[in-house]
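Enquirer: Have a look at this one.
The values are calculated or read from the model by the stated rules, or taken from the named source; none is laboratory data. On a predicted model such as this, the values are computed, not experimentally measured, just so you know. Cβ coordinates were reconstructed from backbone atoms using ideal geometry, including for glycine residues, and neighbour counts include every protein chain displayed. For the accessible areas, the whole protein counts, side chains as well, though only heavy atoms, and no ligand, DNA or RNA atoms are used. Shrake-Rupley method; radii C 1.70, N 1.55, O 1.52, S 1.80 Å.
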Amino acid sequence: MNRATMLAIGSVVVAMAVLGLKAVAWWLTGSVALLADALESIVNVAAAAAALAAISFSARPADANHPYGHAKAEYFSAVLEGALIIVAAMLILHQSWGAFLAPRAPEQAKLGLAISAVATAVNAAWALTLMRRGRALRSPALIADAHHLWSDVVTSAGVIAGVGLVALTGTLWLDPLLAALTAGNILFSGFRLLRESVGGLMDESVPPATLERIRRIVAAEAEGAIEAHDLRSRHAGRYTFLEFHLVVPGSMTVQEAHDICDRVEAALKAELDSAIITIHVEPEAKAKQKGVPVL
């Protein structure tokens, strides 16, 4: 079992524990904001399970039907999580509107808020862990789950503040108001996650800063070649796919051209974890800008 799968299993366990705590907090208080918070945790459990399934599937090796592997499966999970975040926000807005129309004072507010605070602290710690480890493993599913959990942390903080203010001041409309405001933040997080995940499914290029580092490495390591052109890149989960054309002198032997390619590939793989590189060697007549060593 790899580290990404272990983290995904941990997410399911944490999500179920947090859901239980938040359900108890809502049952004690009767607060609509805490009910909305518990509803989002149900989505968290489903999202964590989806991330686990995607990571397990993406870990499968390449086969005849999927020669480039199954890494893109993680993006499907991230898209689903983005959609679930938006659904959770809409549920919260619905509950908030009902509470505006028929406000009620929370019961046993201190105990309910204490339990909700513990659940929020657990979520925050796990979200930070997932974000750090997800970036290290370059796992879109884990990063998406971390964003999802962090949006839940923001929601919970707003809910706790709202219920606390209601208990202290007796201003009942504060409860649904803060729940609605945090729902807006969740919507933004969900749309951002959807945009990033769809970019991965659409073979979006690596970030400009990464692309510039790639160009510098090729320029530094391709000594003996005439130029490199038609550089293309894309992400697929933790993998970075690169391909470009390398123009070499017509008098160069196949072995010499191969040695240049090996040198460039080694340098790129040292810079980019899990890089898959394709270099198409071309004769001098294919150069696009005479006199430019490497582009």
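Enquirer: When the stretch 205-250 is examined, which residues are found to be in contact with a Ser or Thr (Cβ under 6 Å, 6 or more places away or on another chain) and surrounded by fewer than 15 Cβ atoms within 10 Å (Cβ to Cβ)?
Expert: S205, E243
Enquirer: Anything in the stretch 96-106 that is at pLDDT below 75 and open to solvent by 20 Å² or more (accessible area, probe 1.4 Å)? List them, or say none. Working first, answer last.
Expert: Start the filter on the stretch 96-106 by keeping residues that are at pLDDT below 75, which leaves 99, 102-106.
Selection gives A102, P103, R104, A105, P106.
Enquirer: Could you count how many residues in the stretch 200-210 are farther than 15 Å from A270 by Cα, part of a helix (DSSP H, G or I) and at pLDDT 80 or above? Steps first, please.
Expert: Taking the stretch 200-210 as the starting set, the residues that turn out to be farther than 15 Å from A270 by Cα are 200-209.
In the following step, the residues that additionally are part of a helix (DSSP H, G or I) were identified as 200-201, 208-209.
Retained after the next criterion (residues that are at pLDDT 80 or above): 208-209.
Here the count works out to 2.
Enquirer: Determine whether the stretch 140-160 contains at least one residue that is more than 21 Å from A47 (Cβ to Cβ), open to solvent by 50 Å² or more (accessible area, probe 1.4 Å) and either assigned to a helix (DSSP H, G or I) or touching a Lys or Arg at 6+ places or on another chain (Cβ under 7 Å) (or both). It would help to see each step written out before you state the result.
Expert: If we filter the stretch 140-160 for residues that are more than 21 Å from A47 (Cβ to Cβ), which is where we start, we get 160.
Within this subset, residues satisfying the condition of being open to solvent by 50 Å² or more (accessible area, probe 1.4 Å) are none.
Looking for residues that are more than 21 Å from A47 (Cβ to Cβ), open to solvent by 50 Å² or more (accessible area, probe 1.4 Å) and either assigned to a helix (DSSP H, G or I) or touching a Lys or Arg at 6+ places or on another chain (Cβ under 7 Å) (or both), one finds none in the stretch 140-160, hence no.
Enquirer: Mind counting the residues in the stretch 13-36 that are touching a Phe, Trp or Tyr at 6+ places or on another chain (Cβ under 7 Å) and not in a helix (DSSP H, G or I)?
Expert: Looking only at that region, the number is 0.
Enquirer: Every residue in the stretch 1-23 that is open to solvent by less than 40 Å² (accessible area, probe 1.4 Å), free of Cβ contacts under 8 Å to residues at least 12 places away in the same chain and under 20 Å from I143 (Cβ atoms), please.
Expert: none
Enquirer: Next question, about the same structure. Against the conditions (1) under 17 Å from I9 (Cα atoms); (2) crowded, with 19+ Cβ neighbours inside 10 Å; (3) of a type in the set (A, V, I, L, M), where does M131 fall short? Just the number, please.
Expert: Unmet for M131, out of (1) under 17 Å from I9 (Cα atoms); (2) crowded, with 19+ Cβ neighbours inside 10 Å; (3) of a type in the set (A, V, I, L, M): (2).
Enquirer: Considering only residues that are of a type outside the set (A, V, I, L, M) and either in contact with an Asp or Glu (Cβ under 8 Å, 6 or more places away or on another chain) or at pLDDT 85 or above (or both), which ones fall in the stretch 5-23?
Expert: The answer is G10, S11, G20, K22.
Enquirer: Continuing with this model, one more query. If you take the residues in the stretch 24-51 that are more than 18 Å from L84 (Cβ to Cβ) and open to solvent by 10 Å² or more (accessible area, probe 1.4 Å), which one is modelled with the lowest pLDDT?
Expert: Within the stretch 24-51, the match that is modelled with the lowest pLDDT is V32.
Enquirer: Just to be sure, is A125 without any contact (Cβ under 8 Å) to a residue 24 or more places away in the chain and either within 17 Å of the chain's Cα centre (by Cα) or under 20 Å from E81 (Cβ atoms) (or both)?
Expert: Working: without any contact (Cβ under 8 Å) to a residue 24 or more places away in the chain: yes; either within 17 Å of the chain's Cα centre (by Cα) or under 20 Å from E81 (Cβ atoms) (or both): yes.
When the stated conditions are applied, A125 passes them.
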